[in-house]
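Notes for the one structure printed next.
The values are calculated or read from the model by the stated rules, or taken from the named source; none is laboratory data. Remember, it's a predicted structure, so these values are computed and weren't measured experimentally. Heads up, the Cβs are rebuilt from the backbone with ideal geometry, glycines too, and the neighbour counts pull from every protein chain shown.
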Amino acid sequence: MQIDLHIHNIMKRLIYSNLLQWKDNLDRKPLVLLGARQVGKTYIINQFGEHEFDNMVYINCHNNPFANSLFRDFNIDRILYDIEQQYETKVLAGKTLLFFDEIQEVHNGISSLKYFCEERRDLHVVVAGSLLGISLRSDESYPVGKIDTLRMYPMTFAEFLLANDREKLYESLVECRWDNLTTSHETLIDYLRQYYFCGGMPEAVQAWVNNKDSRQVRRIQAEILDAYERDIAKHTSTLAQRIHQVWNSIPAQLAKENKKFIFGMLKKGARAANFELALQWLVDAGLVYRVERCKVPQLPLKFYADNSIFKIYLLDVGLLAAMAETAPQDILLGDTVFSEFKGAFSENYVLEQIKAVEGVNAYYFAKDNSQLEIDFLLQTDGRIIPTEVKAGDNVKSKSLQTFVQEHQGLKGLRFSMKPYVEQGWMENVPLYACGEVFRH
């Protein structure tokens, strides 16, 4: 989905178009905006409220005594009266955006959305919070069927171009104008290097756009990683220790030739049963993505997935670079970063872009008894797309070619450093277009 480039002078995010659709939908329900910490949820809703409504009531529920007592019952008229008195403003249907931030911090906040939906559907109500806190509050029921949801991810490469004021390049990219992109290939590769370093966390992107100071970007990334570490530390000591072990192993897991997640790398004798909860916590928090092996390339792939064999990727390639302590100049200068760590950065980058595209599900293919492995098996629009990521100079796709020959009717997809080429049995798409090719 494209964004109106002239909406406002804000850090432009593609999700803004989805917010406008929700606003104008007469059947809308209260909106839950989900996403990992620091991906820009609060910023984008504040911009949305400021530019699209007459007024906005912003209630941050974190350490807020007023918010703690607000949902003592589900009398919506009383709740709205209390809000109007506290914030000295009227909450008017169609004119006011009511925004509860960090909603998971207060008891009954999430459950109240059911009653907002049933009794005051005319109001525009948005809540935001960490993925984990909203979905895992065990003391209250999740209002299934009574809410609309949107998932927010780190900034995509296309959004990174917009942040750098490269609107023409952005337009060519989202419309997949291959001739234009080929003409600008070297420029796009240079921006891709910057994105591998900076990633898509909005604060890091803003700092890079403002002054191109790599040390400042790394400081911000370190602060984000520290915030995640503090979230982990809130758990019981045993679980927190295990979450840390899984989390800290990710760069090394991805640096292997075979990127299959190995529990034995966590500590000697480690077994899956002891670490499943820790791994699931990271997945639920949106901090890692789990890509399961699929043994049979048939629809739907989920039927043929093996949940005991999988790969793990980080939510953001810039944070991966920071965790791996990769020197900024090794990423920003030359092409070594694209093939560094056995192409781990490029695979992580590709999955990060694909995750932000609605309706594309990612698995990978590997046989028990052979070396044949396909980086990703993607399912979208009722199709299966065997996909390889080639980050280095060698773009021969022997595994992909063999796979396509063995499974007639499937067409291969290769993401590489080369410009766009249609080869009949396979389509080569440049790495910088790996997300937009599915939106086009």
Given the conditions (1) at pLDDT 95 or above; (2) more than 20 Å from the chain's Cα centre (by Cα), report the number of the one that HIS6 does not fulfil.
(1)
For ALA233, state whether it is touching a His at 6+ places or on another chain (Cβ under 9 Å), without any contact (Cβ under 8 Å) to a residue 24 or more places away in the chain and either assigned by TED's automatic domain parsing to the domain that holds LEU266 or closer than 17 Å to LEU332 by Cα (or both).
yes
From the list ALA322, ALA391, exactly one residue is modelled with pLDDT of 90 or more and assigned by TED's automatic domain parsing to the domain that holds ALA227. Which is it?
ALA322
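If a residue counts only when it is over 19 Å from ILE147 (Cα atoms), which helices (runs of 4 or more DSSP H) contained entirely in the stretch 1-117 have at least 2 such residues? Give the derivation first.
On the way: elements: 15-24, 41-52, 65-70, 76-87.
Per the criteria, 41-52, 65-70, 76-87.
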Within the stretch 227-244, how many residues are closer than 27 Å to GLU203 by Cα and in contact with a Leu (Cβ under 9 Å, 6 or more places away or on another chain)?
4
Give me the residue from the stretch 317-364 that is under 17 Å from GLN253 (Cα atoms) and free of Cβ contacts under 8 Å to residues at least 24 places away in the same chain and, out of that set, surrounded by the fewest Cβ atoms within 10 Å (Cβ to Cβ).
GLU325
Scanning for something assigned to a helix (DSSP H, G or I), more than 27 Å from ILE309 (Cα to Cα) and either modelled with pLDDT of 95 or more or not hydroxyl-bearing (Ser, Thr, Tyr) (or both), does the stretch 255-269 turn up at least one residue?
no
Only one of these is modelled with pLDDT of 95 or more and under 30 Å from GLU436 (Cβ atoms): GLU88, GLU50, GLU84. Name it.
GLU50
Is at least one residue of the stretch 128-144 among the acidic types (Asp, Glu) and buried (at least 16 other Cβ atoms within 10 Å of the Cβ)?
no
Condition first: closer than 24 Å to GLN298 by Cα, surrounded by 19 or more Cβ atoms within 10 Å (Cβ to Cβ) and among the small types (Gly, Ala, Ser). Can you find one or more residues in the stretch 408-417 that meet it?
yes
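Is there a residue being outside any helix (DSSP H, G or I), modelled with pLDDT under 95 and aliphatic (A, V, I, L, M) anywhere in the stretch 233-248? Before you say what the answer is, go through the steps one by one.
Of all residues in the stretch 233-248, those outside any helix (DSSP H, G or I) come to 234-236.
Pick out the ones that are also modelled with pLDDT under 95 and you get 234-236.
Filter once more, keeping what is aliphatic (A, V, I, L, M): none.
Within the stretch 233-248, none of the residues are outside any helix (DSSP H, G or I), modelled with pLDDT under 95 and aliphatic (A, V, I, L, M).
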Over the stretch 30-41, the set of residues at pLDDT 95 or above and either basic (Lys, Arg) or surrounded by fewer than 21 Cβ atoms within 10 Å (Cβ to Cβ) (or both) is LYS41
Considering only residues that are free of Cβ contacts under 8 Å to residues at least 24 places away in the same chain and either under 13 Å from VAL429 (Cα atoms) or not assigned by TED's automatic domain parsing to the domain that holds ALA356 (or both), look in the stretch 156-190 and name the one that is surrounded by the fewest Cβ atoms within 10 Å (Cβ to Cβ).
ASP179
With criteria (1) closer than 22 Å to LYS114 by Cα; (2) without any contact (Cβ under 8 Å) to a residue 12 or more places away in the chain, PRO30 comes up short on (2)
Does ALA207 fit the bill of being touching a residue at least 12 places away in the same chain (Cβ under 8 Å) and either under 23 Å from PHE376 (Cα atoms) or out of contact with any helix residue (DSSP H, G or I) (no Cβ under 6 Å at 6 or more places or on another chain) (or both)?
no
